[in-house]
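See below for the structure under consideration.
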Amino acid sequence: MTTIVELPIFDDRPWALPTPIFRIGTPPLKSQGIKTKLIPFIAQSINWRPGRGSRWIEPFLGTGVVALNIAPPNALLSDINPHVVSVLRSIQAGVITPESAHQVLAKMGDLLSANGESYYYEIRHRFNEEGDPMDFMFLNRASFNGIIRFSKKSGFNTPFGHRPERFRPAFLTKVANQVAWAQGQMAGKNWEFTVCDWRDSVATAVEGDFVYLDPPYVGRNADYFSQWSDAEAVALAKEVPRTEAGFALSMWLENEHRKNDHIEKWWPETDLRLASHFYHVGASESQRKPMTEALAIRRGFATSGLDTFVTGRSLRDRMADASTHSSPIDEQAG
Ligand SMILES: C[S@@+](CC[C@H](N)C(=O)[O-])C[C@H]1O[C@@H](n2cnc3c(N)ncnc32)[C@H](O)[C@@H]1O
């Protein structure tokens, strides 16, 4: 007689990076600089095996797309913009659920469809008075191109996107699924959300932690919360390596017009990994423009591979290597 012994399948390897991401999840908030398409590149480039309680620290959280996809067991997730933090915190606390998002946005969508842009501006006014995260989700989806733009004086000031019929059943299901996905990614994890300047979250980083940095681009000051100067960029470059934690900085390196020498100049003790992708400046295919994105990773925390480039060599040499070895990425996600 043959006895069949069923062997249990153990997969108790502790969570670590690099990790393959088979399906990129989309968070409930959109933004223009969202890192969606770079997720596999980030997840494959970082080498980090956290000890018990070691945290993924993300001081420039934005939509949260990186943390949500990487899904570390422990994290400190912060941003200076209280509204982006508030949406994710509300999902974590169960205040926003897939069902409530579906229900509330359906109602708001009906009113938008009946009243057009005056309803959008009514909600924008209400949001700027009260700061309700569900109103922010509505505005984020009903506004022009999902641009998150605040001014010091008037608060959220992105104009209406002129799509009054946007909140149709399929769209509502999509948004509810994004909330469900975010909820699932956070479930059972020890994630702390805070609203603070990057200095405050970086100051808590200790050996064993990993700090992922995606600061605003210098010179693009349309958003009050994303005021970012050369001085801030340099302060970040000086402060972060003083910690004992691992770190990686995301930054564009080259587009068809310009090269960015910030990494070369201010993050010299890092390993550089490059990925090329395309972004659209208009609707037609001919307006696809190449862009090289870099991850400057603290030595000892980058995965090895052909496309690891050690800074210190001339930028031109590394760019030449990048064109042969960089990871292709389709296009910028919206
Ligand atoms: C490029 S976005 C991050 C995008 C994010 N990785 C994503 O994919 O959605 C930069 C973020 O930095 C935040 N920020 C700007 N200045 C900051 C500061 N001094 N401290 C903390 N966060 C700041 C902005 O509010 C914005 O959300």
Which number do you get for Rg(Cα) / (2.2 N^0.38 Å) in segment 98-178?
-> 1.02
Quick one: of Lys35/Lys153; Lys30/Lys265; Lys265/Lys289; Lys107/Lys153; Lys153/Lys289, which pairs are farther than 27 Å apart, Cα to Cα?
-> Lys35/Lys153; Lys30/Lys265; Lys107/Lys153; Lys153/Lys289
For segment 181-263, report the convex hull volume of the alpha-carbon atoms normalised per residue, in Å³, without decimals.
-> 145 Å³
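Coordinate-derived values only; no laboratory data. Because the structure is a prediction, the values reported are computed rather than measured.
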